[in-house]
Each structure stands twice: as structure tokens, then as C-alpha cells.
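So the structure is just underneath, and the comments pick up after that.
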Amino acid sequence: MKTKLKNGSIILFLLLGLTSIITAQTNAKANKDTENWRYEIEAVGVGVQGTYLVKVWSYSKKPEVAIEQAKKNAVHGIIFRGFAGKQGIPGQRALTSNVNLEQEKAEFFKPFFGNGGKYMKFVSITNDGSIAAGDRLKVDKEYKIGVIVSVNVSALRNDLEEAGIIKGLSSGF
Amino acid sequence: MKKPIFIIFLLTVSALLTAQNVGKLVDTKYLRPSLTVLFFQPKNAQEETIINKMKGLGVVNKFDDNTIDYPYFNGNGLTITERPNKMKSYISNASKLILAKWWNRDANGDFNTEIVAKRGGFAANDADVVQANASNTNRLEMIGSELIDKSYVFLYEINQVLTMEQVYDKTDATNKKYSNYVPVKRENEGYEVTYSVYAYKLNFNDSVASIFYTKYWSDAKNHDAKKVASWSNASFPMIYVKNWSGTLKSTQPKDPKSSIYLVKKKKTMNELLLDIVPSMQTNSVEELGMKIEDLKAKVSVYKTKPLSAKIGTKESLYRDQRFFVYEIEVDKSGNQNKVRKGVARVKQIADNNKVATGETSPSLFQQQGGKKLYEGMLMESNEDQGVAVGIGFASSPQNMQLGGLNLNLDYRISRPSKINGLAVGLDCSLNFMSNLSAGNVSTGTMGLNSTGMSGMTYALDLYIAKEMYFTQKGIVYLRPSIGGGLSGYRFSKYNGVDIPKVTDANGNVVENKNYNWSSIFFPINIGIGFNLSPLISIEIKPGVAFRFASSTGNNESLIQHATLYDPNWGFDSLDKISMSNSILCNLRFRF
């Protein structure tokens, strides 16, 4: 009886450990995709004052991971990539024109974009808790999920300026 | 020189080939349609009664109401080749009235966005509202302008209104040419109405909209008298989409002493005629709704435990309405394709018949077969007729009279009953017997030959059943049922020879009714079903049946005197109440 209990506990711990490893690996893959800029960002509407309303398409084998990653990708995209406009909706340039900034300021951006990092302060999901039918696509063996988010660009820009990561708009004067 | 150019060419081609193509997209957005109902000129007072009643009903809730003041279509004297063009011209002339309704044209000929904005706000779902709140522009008004392209016209033609007397006359006239003609029993009174519906759609795409705004737009701030004057000649493209024809009856027994009048009041002929109209409207919307893509509700899976979606009374959802659930897959060419993953039916309907706030409750669904479903999958209405046909075999070892080849037909009544999965049906089993001993059977007045019996048995009952699900995927279901009907033996031979026919009181040679034995029976079953696809399921139905009151075709009770007879055919309990068990296996097809 004791042996059975001991064996059962070992199996349970192994399973839990395996699940954690798989989840961590999935999240790590998603983070790698973000670092490699493997997401798409498009304009959706004109946000209220100081915000951008964008749709972020993220990739993952697990749709739930893609949804979470959307917030991170949105902030990453606003800082480093910008997005094109479409009819009636203006596009926006990236907050920085320095394509190497993420590597140069790695000690800032690593915790900033870490799980539960500061990026979460500047972004919110703008839907009713559901994914629209046309925003969940299966592409080969993974999922491409589109999530509409609102990014508080004013606050984000201020934060990056105060941290000395980017120059202020008035720094040329 | 040539080499670099060639390399550049290769790189360009390679880039073009590997660039992400945006191919064919799946339409996932449901835009609330609007409806205008028009009519052919009525030919008589009865048609006018039907039309006036239909006008009074208004449009079904899933549509915005685009009722206009427009004359009837006069189809009199038109040939078959002339009709379509004349109808199209009639509908095209209505297009400007429909647009005038959308843009709230006032007495001065000016338009405004009041109706468009109001309808856009009503059509918006929770996601639209949340996004609009985060947006600087009025997105909801934009939704309203998209709705204009979903404006439909249903043109009704009442082909024929016949009284039941006229229907009986027609039936007798058709049957008179057959040698065994018997006049039809004229038991009922009422009406039979045959009608057709022609569906058209307003084309308000970007090009047409551009013409409208450029040539005709005038508003209170920028009144343009020239544009107002040109409106009288305005016409916008109307596309013919589909048509559908149906026949409906509304009848009641003629005999005022009929038992049905113990529970229902006898109606006037006018009341019977008016009773047809709501069904005419419902059937037209449902049948055309199955054929026209814009009228099929679309929504995404909101949650999976339980399965729910943000759709409800606003979309005229009804109990057990069928939805197919799809995953959208993107192929190598960048084309999107729908791949069906499951089937679900409406279980509980949310009242969303109001402007969305971002916190609307969803309706609940029951998955009925398929694979695991996920949030964000596309749900699309795919209505069926509510009819199921089963074919199989019943085994009733204790009373083989109740076994044999089995056919059943049932019809879902969840809508009128407001109970999910409820259906009424007709079940029929047929078996054959050869050279059996039925014992020593008599009636109160005579003995009957009971040996060397051959013929067939039957069991026919009406039943009520309820389909119940207890798992998320709904591959397995339970379907208990209870029914009542007649079972019987129709002997064709006794003592190994054909049973002689007899002469009845009218001098006709007929079957000997003493050898048609029937009983009353009540089957109770619990079906276990497996959904193989939206169309097919396999069902295994163990159950019991109670049988009693066996009698001949001359209504004389049967008495069994013997103790020796062929077992398992129910001969032992001809004069008793008996209980026997059975198991039925059948393949069920849903339509």
C-alpha cells in the first residue's frame, strides 16, 4: 500500500513537472516569436486621446498563449515597428527608429517584456472576452489569433522617455 | 551583366512565391438584414384577407422593418417570359423608397443618418460596443451603413385559395379514372392555400453608394434642390436571389359533435383562413433562410463550458435550432476554408433584443456530435426540417408480433412545446409468420381455426420522445419514449390453406375479418443513440410493451382456451394484459 502511494506520488510529480516544462516551452516559443517580430499589427480604429486601437495577430500552437502574447506583441510593435494606415485610419511610426534599441537596452526591455512585466500597464484587450470568428485561424500546425487591443501610447512614451530609452519629442530644441 | 539581372529576376520570383498571399476569405460577420414585404394583386376577397393579415403581422424579429407604401404587383395577363422582367422592374422601382426609408428622407427631400445610426447601434454586438468605447470615431454608425446592403424584398404571390370542398372535388376528379375508385370522405372544412415567395436583394455596394451620395444626397445643412428633384427618377439595382413555393391547410371537422370540440372552439371559415397566415410568414422566412447566406445567423463560440454564443432573441433564435461549428483553416495559397468540427443546437435563448452594452448574456447550446470545440470557432446557422426517419430491426423474443422490420418517422416539436429535444413520431414494425399454431381461440359467439396459421403481424404506435444529452461533445444521447397504438395479426392462411373471403351485407366479397386480430399496446422505451454525423445516428432502444384488449376485426373479444401453442408470438396472452420486452436497433436519418 505504501509502495503504491509512493509510486503514485512520483508519477504525479513527474506529470506536473512535465506539464510545467511544456507550458514553459510554449511560452518561451511565443516570446521568441515576439523577439523575432513574428506577429502582425494592423490599424483598427482611431483610439481615444492618447491611445492606439490595433489588432495584433500572434502565432502559437495553443490559442490561449497567442491571446496572452497579443498584449506583449502590441506594445512591442508600437515601440519598434509601427503600423500602416488604412482607409480613414492613419498609420503610426514606431516610437523608436533605432532597430537595435531592444538589444542595446536589453537590461531595460528584458524585465519590461517579462511575464507580468511593466508592458501590461500600457495595454488592454478591447473585446467582450470573446475571440471574433474571423480572428481564429489555423495555419498549418499552429494558430494565428487576432486580438484587438488599446495601447496607451502617451503613457508608454512618457515612461520610455523618463527611463532614457527614447528621446523626448521636444529634445531637439 | 546578364547574370546579375537573372539573379535579381530569380529573387523577385522567389519573393513573390513566398510572400504571404491574402486569398479567399470566409465571411464571418453577420449583419442584421432588413425586409420589405410586397404582394401580387389579390384576385379575390380571400386573397385580400390573407394579404391584409400578413401586413398586420409586421416583419419577423430577426429583420429590421423596411415596410414601404407601395402598390401591388399586377401580374395579370403576363406571359411566362414577360413575368420575370416585369417583376424586376416593379421591384427596382421600389428601391428608392427603401433607401428613402433608410436615410429618413423628409418632406423637403433631405436625408439624415438617424435611422442608419439607430439600426447600427441595435445591430452592434458586445465586441462592437467595447471597441467603439475605446475608439474616437462612431463605429456603430459605420455598422449601420453596412446594413443597407443587406436589404431584402419578399414578393408574395398567392397562387390559389381552395375550400376543402374544392380540394375534395379535385381529389375525386383525379381518382375517378381508377377502377377501385371510392369517393373521398368529406370530413373537414377549411382552406388550402398555395403560395410563392420571390426574394430580391438591394445592391448597395461601394459603387452604388457612391452614386447615391454624389447624385442624390441632400441634407438640412446642405440642401440641394437639383438633387432633390432628380430623386423622382432614381432607381437602384435589385438582385433576384431565390424563390420558394409552399402549400398550407387550415381545417377542422365539419361535424359539430366531433370530440375535438370538447377542448377547442369551432372556428368560422374566416378564422380558419386567417390561421394560415402566421405559418405562411414563418415557413417563408425559414425556407428562404436556409437558402440565402445573408439570412443565416453567424457568431463565434463565446465559451465552451458550457457551450455558449452571444446571439439570441434579436436573431429570432429558437429552441433546437441547428448550428454547424467550423474551424477556419488557411491553406498554402492563403485561401481560408471552413472545416466543420461539430454540430450544436440551441438549448437556452438569451433575451438580447436591446442595444448591446458589452455585457450581454449569451445563449446556451448543446453540442450534438463532432470534435472538441474551442472559443473563437465560427458558428453558422444550418437549419433542418426537424424530421427524422429511422430504419432497423426490432427483436421481441416474448412476443414476436411486436418485432420485425422497423420504420419510424418523427417530428421535432421543441418550438411549440418549449421543451428541448421533444418529438412526436410514428413507429411501425412488420413481421411474418408461417404455419403456426395459435392454440384454441374463440370469440364469444364462435370458434376460430387456430392451426397452420400464416400471415403477417404489425405494431403501429404514436409516441412522444425526448432527446437528452449529458456529455459536452454530445456523441451519445438518451431518448426515452412512450407511445400507444395497435398491434395485430393479419392471417392469410389457416390449416395451410388460404382463408376464404366472405360476402358482406352489401354483397361485396371482402376479407374475413374474424382472422384480423388486433390489440391495444403501450410501448415504453429508453433509446441510447450515437451521433455519427449531423445526418446519421445509430440508436439502440430496449423497452417494454403492455398489450391488452385483443379482438377480431368484427370487434369480438378473443379467448384462448388452449395451453399448447407456438410460443413467443403472444398467443398465450390474447385474453390477458401482457408485458413483453423488446430491443430495437435502427439507423436514424435527420433532415
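The values are calculated or read from the model by the stated rules, or taken from the named source; none is laboratory data. The structure presented is a predicted model; accordingly, all values stated were derived computationally and were not measured. A quick note on method: Cβ atoms are made from the backbone with ideal geometry, for glycine too, and the neighbour counts reach across all protein chains shown.
Residues in the range A:96-106 include none that are outside any helix (DSSP H, G or I) and within 14 Å of chain B (Cβ to nearest Cβ). The set of residues from the range B:136-160 being under 23 Å from B:ASP351 (Cβ atoms) and within 14 Å of chain A (Cβ to nearest Cβ) comprises B:LEU140, B:ILE143. Restricting to the range B:153-174, name every residue that is in contact (Cβ under 8 Å) with a residue 24 or more places away in the chain, part of a helix (DSSP H, G or I) and of a type in the set (A, V, I, L, M). Within the range B:153-174, B:MET164, B:VAL167 qualify.
Of everything listed in (1) of a type in the set (Gly, Ala, Ser); (2) in a strand (DSSP E or B); (3) within 14 Å of another protein chain (Cβ to nearest Cβ), the single unmet condition for B:GLY369 is (3).
Of all residues assigned to the range B:115-126, at least one qualifies as being within 14 Å of chain A (Cβ to nearest Cβ), touching a Ser or Thr at 6+ places or on another chain (Cβ under 7 Å), at negative phi and touching a residue at least 40 places away in the same chain (Cβ under 8 Å). Across the range B:430-443, the number of residues qualifying as within 24 Å of B:PHE522 (Cα to Cα) and free of Cβ contacts under 8 Å to residues at least 60 places away in the same chain comes to 3. Exactly one residue out of B:PHE548, B:PHE522 is within 28 Å of B:SER434 (Cα to Cα) and at pLDDT 95 or above: that is B:PHE522.
The residue that is farthest from A:ILE166 (Cα to Cα), among those in the range A:62-82 that are surrounded by fewer than 23 Cβ atoms within 10 Å (Cβ to Cβ), basic (Lys, Arg) and more than 13 Å from chain B (Cβ to nearest Cβ), is A:LYS71. For the residues A:GLY129, A:GLY116, A:GLY85, the requirement of being closer than 30 Å to B:TYR374 by Cα and exposed (fewer than 14 other Cβ atoms within 10 Å of the Cβ) singles out A:GLY116. Criterion first (closer than 30 Å to B:PRO306 by Cα and in contact with a helix residue (DSSP H, G or I) (Cβ under 6 Å, 6 or more places away or on another chain)) does B:LEU478 satisfy it? No; evaluated as a whole, the condition is false for this residue. Under the condition of being assigned to a strand (DSSP E or B) and among the basic types (Lys, Arg), which residue from the range B:548-591 is farthest from B:LEU478 (Cα to Cα)? Result: B:ARG590.
With respect to the conditions (1) surrounded by fewer than 20 Cβ atoms within 10 Å (Cβ to Cβ); (2) within 14 Å of another protein chain (Cβ to nearest Cβ); (3) modelled with pLDDT under 95, B:GLU383 falls short on a single one, namely (2). Applying the condition of being more than 22 Å from the chain's Cα centre (by Cα) and of a type in the set (Val, Ile, Thr) to the range B:456-481 and asking which residue is surrounded by the fewest Cβ atoms within 10 Å (Cβ to Cβ) yields B:THR471.
Between A:VAL44, A:VAL99, A:VAL48, A:VAL123, the distinction of being of a type in the set (Val, Ile, Thr), touching a helix residue (DSSP H, G or I) at 6+ places or on another chain (Cβ under 7 Å) and either surrounded by fewer than 20 Cβ atoms within 10 Å (Cβ to Cβ) or under 19 Å from A:ILE148 (Cβ atoms) (or both) belongs to A:VAL123 only. Those helices (runs of 4 or more DSSP H) of the range B:25-143 in which at least 1 residues are among the basic types (Lys, Arg), considering only elements entirely within it, cover B:45-57, B:82-102, B:114-123. Residues that are over 14 Å from A:GLU40 (Cβ atoms), buried (at least 20 other Cβ atoms within 10 Å of the Cβ) and more than 7 Å from every other protein chain (Cβ to nearest Cβ) within the range A:132-152 comprise A:VAL151, A:ASN152, listed in sequence order. Among residues of the range B:335-349 that are within 13 Å of chain A (Cβ to nearest Cβ), those with a beta-carbon under 6 Å from a residue that is assigned to a loop (DSSP other than H, G, I, E, B) at least six positions away or on a different chain give the pairs B:ASN335/B:GLY23; B:ASN335/B:LYS24; B:GLN336/B:LEU25; B:GLN336/B:VAL26; B:LYS338/B:VAL26; B:LYS341/B:LYS371. Every condition in (1) within 18 Å of the chain's Cα centre (by Cα); (2) away from chain B (no Cβ under 14 Å); (3) among the polar types (S, T, N, Q) holds for A:THR126 except the one numbered (2). The number of residues in the range B:82-123 that are surrounded by 17 or more Cβ atoms within 10 Å (Cβ to Cβ) and basic (Lys, Arg) comes to 4. The residues listed here are B:SER151, B:SER145; of these, the one that is among the small types (Gly, Ala, Ser), in contact with a helix residue (DSSP H, G or I) (Cβ under 8 Å, 6 or more places away or on another chain) and buried (at least 21 other Cβ atoms within 10 Å of the Cβ) is B:SER151. Pairs meeting the criteria (first residue in the range A:92-119 and under 19 Å from A:LYS32 (Cβ atoms), second residue crowded, with 18+ Cβ neighbours inside 10 Å and of a type in the set (Lys, Arg), beta carbons under 6 Å, at least 6 apart or on different chains) are A:PHE113/A:LYS72; A:TYR119/A:LYS72.
Here B:ARG186 does not qualify as of a type in the set (Lys, Arg) and within 14 Å of another protein chain (Cβ to nearest Cβ).
Residue-level check: of (1) exposed (fewer than 14 other Cβ atoms within 10 Å of the Cβ); (2) away from every other protein chain (no Cβ under 14 Å); (3) farther than 30 Å from B:VAL277 by Cα; (4) in contact (Cβ under 8 Å) with a residue 12 or more places away in the chain, B:ASN133 misses just (2).
With respect to B:LYS332, is the statement that it is within 13 Å of chain A (Cβ to nearest Cβ), part of a loop (DSSP other than H, G, I, E, B), at pLDDT below 95 and over 29 Å from B:ASN52 (Cβ atoms) true? So B:LYS332 fits the description; yes. Go through the residues of the range A:52-59 one by one and say whether even a single one is more than 14 Å from every other protein chain (Cβ to nearest Cβ) and of a type in the set (Gly, Ala, Ser). No, the range A:52-59 has no match at all.
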